[in-house]
Amino acid sequence: MAVARDAYLALILLAVWLPGRPVFAAAAVSARPAAVRGSLTELGGLLTSALPGLPKVDLSAVPGERLALAGLPLPQPDPSGRLPLVPASLDARRAAVLVELARRAEPVAAQGGPKAYEVLEAVNAVFKDIPPQALADFPEERLNALSSMVFDVLAGRPSSAKSAAVLSDLSLARIESLRGKPLRQEDHNPHRNPDGEALLTTWGVPDYVRRVEAEGSVFRHYTNEGGLRGILDADGLRNGVIPYFEVMEGEVRTAMRRSFKDLAGIFLTKPDVDGDRVGRPKKELYAYYVDLLLPARLPLLEIERGAIFLVPFPLRTQPWILNLYRRWASGQTVDKGYFEGIRRVEESGGPGPDVTVPMRIIRHGEVP
């Protein structure tokens, strides 16, 4: 099992322990309103077309177990039995519930679009913080906002501020549900030498994390040259691939890196805070900054007093890990050494959405 362990440790080191700390004309014949682009009704049409084998569900008795979509290959088996037969990204329950809810609102017309894998993954990523059984009770206005985001994710375009606020509120609610509960921790290097580096993953919310108001405040995001171009092209920031983590330096080398898996999203600081203080030193190519205002209604958490702030969102899955996961989920062969990493994605509810949140950019430039 040495090969598998080495492969998994490599995945952990690349995925979690990267250097630095994240900062950052109406129809008169119908009384019904016309469907909004990207609304729940349109999403129902896309799902009906892309998922012809989608089973019907009773909204009063949504299955507790994952539903497989007929016609999709089964994923690569895991000899240890720790990986499921139906991947989280391909669980058809949310899609089935959304189609039934869309039919309630307005007759659904099938439409062309992306393939089944892409559609199911986008639906489960955007709606991952809402259990399938709870979708029927979710407010229609918010369902429309998240349905619109599914189309944005599939098209690779920025989402509306309204959709972003709904998704962020869901992440905030998940974080708040963890308050006061004991932190859970895993040591990835338990047999290290006395002077070895501790690599820790922590689940839960430390008591020093607090909600603050963002209205009227200017925030800063440090980035590299490529990141700056992406931010300016999109007029917004993407949710991050790395959660918040703490670094403790020893006398000779780094003594501890601790990742907080439940604190993820978009990290920001204040214009008067130097990048070195928040893990974005200029010498490590974070030579550019963007100062910005947050859209109204976006929640904001303060992690380190006056220095590190978080707009909560689901963690975006790193592209290379997402590629491995997709290969496994679609029945292709993946080196079993990566199964533990794939299991981690499964434990989190499947891949996270790739979301670009619109921001009002005040100024940008090179770090002095």
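Yes or no: Pro353 over 30 Å from Pro79 (Cβ atoms), of a type outside the set (S, T, N, Q), in a loop (DSSP other than H, G, I, E, B) and at pLDDT 95 or above?
Values: over 30 Å from Pro79 (Cβ atoms): yes; of a type outside the set (S, T, N, Q): yes; in a loop (DSSP other than H, G, I, E, B): yes; at pLDDT 95 or above: yes.
Considered against the rule, which asks whether it is over 30 Å from Pro79 (Cβ atoms), of a type outside the set (S, T, N, Q), in a loop (DSSP other than H, G, I, E, B) and at pLDDT 95 or above, Pro353 comes out as yes.
Within the stretch 256-270, if we keep just the residues that are part of a strand (DSSP E or B) and under 20 Å from Asp187 (Cα atoms), the residue that is farthest from the chain's Cα centre (by Cα) turns out to be Met256.
Scanning the stretch 271-329 for residues that are charged (D, E, K, R), more than 16 Å from Ile242 (Cβ to Cβ) and not in a strand (DSSP E or B) yields Asp272, Asp274, Asp276, Arg277, Lys282, Lys283, Arg297, Arg305, Arg326, Arg327. In the set Leu199, Leu232, Leu237, Leu167, only one residue is part of a strand (DSSP E or B) and either modelled with pLDDT of 95 or more or on the phi > 0 side of the Ramachandran plot (or both); that residue is Leu237.
Rundown of residues vs (1) in contact with a strand residue (DSSP E or B) (Cβ under 8 Å, 6 or more places away or on another chain); (2) surrounded by fewer than 16 Cβ atoms within 10 Å (Cβ to Cβ); (3) of a type in the set (Phe, Trp, Tyr), yes/no style:
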| residue | (1), (2), (3) |
| --- | --- |
| Ala173 | no, yes, no |
| Arg179 | no, yes, no |
| Gln185 | yes, yes, no |
| Glu215 | no, yes, no |
| Arg229 | no, yes, no |
| Gly240 | yes, no, no |
| Tyr244 | yes, no, yes |
| Phe267 | yes, no, yes |
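When the stretch 141-164 is filtered for residues that are in a helix (DSSP H, G or I) and of a type outside the set (A, V, I, L, M, F, W, C), the ones remaining, listed by number, are Glu141, Arg142, Asn144, Ser147, Ser148, Asp152, Lys162, Ser163. Among residues of the stretch 68-95 being of a type outside the set (S, T, N, Q), touching a Lys or Arg at 6+ places or on another chain (Cβ under 9 Å) and closer than 16 Å to Ile130 by Cα, the one that is surrounded by the most Cβ atoms within 10 Å (Cβ to Cβ) is Ala92.
The values are calculated or read from the model by the stated rules, or taken from the named source; none is laboratory data. Since the structure is predicted, the reported quantities are computational estimates derived from the model, not experimental observations. When we count neighbours, we look across all protein chains shown, and the Cβ atoms used for this are built from the backbone with ideal geometry, even at glycine.
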